[in-house]
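Let me begin by presenting the structure, written as structure tokens, before commenting on it.
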Amino acid sequence: MDEAEANCIWDIKNRNMFLNMASDVKFMDESKMMLLDGFEEIVKEGPLASVEACGLKVKLVDAKLHEDLIHRGPAQVMPAVKKAINDAIMLAKPCLLEPIQKVFISTPKDCVDKCIQKIEDVHGTIVREEFFGDFCKIETEVPASEMFGILEDINSAGESRLGAYPDKIVGFRRVPGDLEEIILKEIR
């Protein structure tokens, strides 16, 4: 971010920014709190699935506010700013993110392929494999939504001769396009 943008930051809310890049707009100081309230409501609601948005950088580049105080109150400004921000987000093609959880697996060498297949079946990724004699330690990352039952599936793939245990959430990843549509239909 360059210095000009940094000087225009009006609000930061949960990794989302609102910047006032509009200059010489009459009555802007009077409307500042309403603009920020509208921004914060959109961030809280999110445009896709009524979940909080993240990673937004909203720039107000131009505005024209009515001269009469009665026409620039909350009932007029809030819906206008919310609609403008929501439409801008939708034009940017937003996406859903899913939490990713780290899972460690210890398994005999002869069961490694079965365990990896179980992880790949739930859109997980293999981060690292380390072999120690007849055993292998596999570090994976699995979408948190797929964690229900996955440990039992891995244990059955390893013929109950291994240990699979979850660790912490390590970040977020975009939901694959085909799954995103299904999830959004379920939420709506």
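The values are calculated or read from the model by the stated rules, or taken from the named source; none is laboratory data. Note that the structure is predicted; figures quoted are calculated from it, not measured. Note: ideal-geometry Cβ built from the backbone for every residue, glycine included; neighbour counts use all protein chains shown.
Asp87 satisfies every condition listed in (1) more than 22 Å from the chain's Cα centre (by Cα); (2) under 30 Å from Leu19 (Cβ atoms); (3) exposed (fewer than 14 other Cβ atoms within 10 Å of the Cβ) except (1). Could you please let me know if Ser106 is of a type in the set (Ser, Thr, Tyr) and either in the same structural domain as Ile169 (by TED's automatic domain parsing) or in contact with a His (Cβ under 7 Å, 6 or more places away or on another chain) (or both)? It is true that Ser106 is of a type in the set (Ser, Thr, Tyr) and either in the same structural domain as Ile169 (by TED's automatic domain parsing) or in contact with a His (Cβ under 7 Å, 6 or more places away or on another chain) (or both).
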